[in-house]
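Beneath this line is the structure, given in structure tokens, with notes to follow.
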Amino acid sequence: MEQGVSFDLDLIRRYDQSGPRYTSYPTAVEFDESFDEAAYKAACARSNESGRPLSLYFHIPFCDTVCFYCACNKIATKDRSLAPPYLERVYRELEMQSALFDKSRVVEQLHWGGGTPTFLSHDQMVELMDVTRRHFTLADDETGEFSIEIDPREADASTVKLLRRIGFNRMSLGVQDFDERVQAAVNRFQTEAQTMTVLEAALAEGFRSTSIDLIYGLPFQSVESFMKTLERVIEVNPQRLSVFNYAHLPERFKPQRRINEADLPAPQVKLDILQSTIARLTEAGYVFIGMDHFARPDDELAVAQRAGTLYRNFQGYSTHAHCDLIGIGVTSIGMIDNTYGQNRRELPEYYADIDAGRLPVFRGLELNRDDLIRRDVITRLICHFQLDKAAVAAQWGIVFDDYFADSLAKLKGMEEDGLVTVDADSIRIQARGRLLVRNICMAFDAYLAVKTGPIGFSKVI
């Protein structure tokens, strides 16, 4: 498939509304507390019949300092003594979770996120991986995708060496912006040297993939200043980049209240930054994967996209569509069989469940047939920018145009604007519609169709 993207300022202005990121469909706002531990266990039993491989996600919630822009589920603390009691519960959860899955099922994908996973000491990281291997069978290094989120302020060359030794072969690094004025405004002081030390160590230790995260729309950013950061990043040639739009929602995320709104770049400046970023990354040879992700043409994500096997889940774009995802730790979300299940969001409640011998799943959703059909359609569009109507119809036993008559009607205006082409056989998102893929997917979202008032999602651009 052709993997280009076009920037049309007028269209972006017109379609820049709020909408889901579709790391799941239905989205987490539809989760319900009627889905409990019993429902989760039933889903695990069903999933064992499939024999699918597994994916493990670990949430390490602690951060040494809070970045004011952050909207993640984290606990800002300098108290490292909080880690051992948390890990004790994680180990017990691992034991309870492993009892639900056949030992023949191999973990092909593992990810530590947060928070800051390297908040843990070296010994604690070794122990966590040892306990994981005690309860689950991990794929070998050649086939397994084992990744970790890195804050370069909390890691050095010795940390990277240790992470490679215990099994990690991919990492993502938070950079956001190298400009010191921007860093001061968001309370994230991080030198280029700290970042480069980690990147150089990853290369030396044989990490197969490095990804760098940048954010546009932060205080004091301009096109010129952001391009300086981008140029420095391009020089080190990471396999992947994520360029996120800063969503200023201080009413929802308390740390953002410490950002002075008057210092934020104007909407036009944000769009100019985005346009310049896309142009420069394209010139540097990166492929637009979708949403805010770019990759080298030989990266696994780009290869999977061309092959039609790319997938999207709670960790973003993935090449492991066939895995059941087990969430471990506070706030983690799993995707087992035809369900989503989320763990307790506060430490006291999480600890209480684990200490009582209960899985901490407190809400979730069992997908019905319509959910599954629409998830398939949204996944095809957001991952591949196209779908074959006949393939969807054959898989689900539907007449596509009849089943999605309302959705297709919503695409008419987008079709007239050149975002998408719809014919008897297919739906294809054009280059000028790819930045607005969330808008196109929203046409197939049955839950959005019945909502009134604010929907609580970030802006699509």
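The values are calculated or read from the model by the stated rules, or taken from the named source; none is laboratory data. For clarity, every value in this text was computed on a predicted model and none was experimentally measured. Using ideal geometry, Cβ is built from the backbone for each residue, glycine included, and neighbour counts are taken over all protein chains shown. SASA here: full protein model, heavy atoms, side chains in, ligands and nucleic acids out. Shrake-Rupley method; radii C 1.70, N 1.55, O 1.52, S 1.80 Å.
For segment 362-461, trypsin sites (Lys or Arg not before Pro) meeting the loop criterion (DSSP other than H, G, I, E, B) and having at most 13 other Cβ atoms within 10 Å: Lys451. Of the trypsin sites (Lys or Arg not before Pro) found in segment 95-200, those that fall in a DSSP loop while having at most 13 other beta-carbon atoms within 10 Å are Lys103.
Stretching Ala307 away from Arg21 to a fully extended chain increases their span by 100.7 nm, per 0.36 nm per residue minus the current alpha-carbon distance. Maximal additional length on extending the Ala76-Gln268 stretch stands at 65.8 nm, based on 0.36 nm per residue less the C-alpha distance.
Sort Arg280, Arg306 from largest to smallest accessible area, using a 1.4 Å probe on the heavy atoms of the protein chains.
Sorted descending by solvent-accessible area, the residues read Arg306, Arg280.
Calculated FRET efficiency, Arg369 to Phe189, Cβ-Cβ distance, R0 = 56 Å: about 0.65 to the nearest 0.05. Figure note: Phe168, Phe178 ranked by solvent-accessible area, largest first, 1.4 Å probe, ligands and nucleic acids not counted: Phe178, Phe168. Calculated FRET efficiency, Asp36 to Ser222, Cβ-Cβ distance, R0 = 56 Å: about 0.65 to the nearest 0.05. The residues His248, His122, sorted by heavy-atom accessible surface at 1.4 Å with ligands and nucleic acids left out, run His122, His248 from largest to smallest.
Where both bridge residues fall in segment 268-350, DSSP classifies roughly 100% of the beta bridges as antiparallel. Note: relative contact order over segment 277-371, using C-alpha pairs below 8 Å and six or more positions apart, is 14 percent. Cα centroids of segment 129-204 and segment 1-55: 26 Å apart.
Counted residue by residue at 0.36 nm each, then reduced by the alpha carbon distance between them, the extension gain from Asp130 to Leu9 reaches 38.5 nm.
Annotation for segment 110-128 versus segment 392-444: alpha-carbon center distance of 42 Å. With contacts taken as Cα pairs under 8 Å and at least 6 residues apart, segment 144-276 reaches a relative contact order of 25 percent. Per residue, the average separation of C-alpha pairs within less than 8 Å and at least 6 apart gives the chain a relative contact order of 23 percent.
Label-to-label distance for Asp298 and Ala352 is 5.4 nm, based on points extended 7 Å past Cα in the beta-carbon direction. Helical content of the chain, expressed as a calculated mean residue ellipticity at 222 nm, amounts to -11000 deg cm²/dmol (DSSP H runs of 4 or more residues, -39,500 (n - 2.57) each, divided by residue number, nearest 500).
The label-point distance for Arg232 and Glu142, in a model that sets each label 7 Å from Cα toward Cβ, rounds to 4.0 nm.
The phi-based Karplus calculation (6.51 cos²θ - 1.76 cosθ + 1.60; θ = phi - 60°) puts the 3J(HN,Hα) values of segment 77-84 at 7, 9, 8, 5, 6, 6, 5, x Hz, whole numbers, x for Gly and Pro.
The DSSP beta bridges internal to the chain are antiparallel in roughly 45% of cases. What you get for segment 325-453, charging only the Cβ of Lys and Arg (+1) and of Asp and Glu (-1), is a dipole of about 320 debye around the Cα centre. Close lysine pairs were tallied over the chain: pairs 8 or more places apart or on different chains with Cα atoms under 24 Å apart number 15.
Using 1/(1 + (r/R0)^6) with R0 = 22 angstrom and r between the beta carbons of Phe244 and Lys451, what's the FRET efficiency to the nearest 0.05? If you can, show how the numbers build up before the last one.
Numbers: r = 25 Å, r/R0 = 1.12.
Efficiency, from the Cβ-Cβ distance: 0.35.
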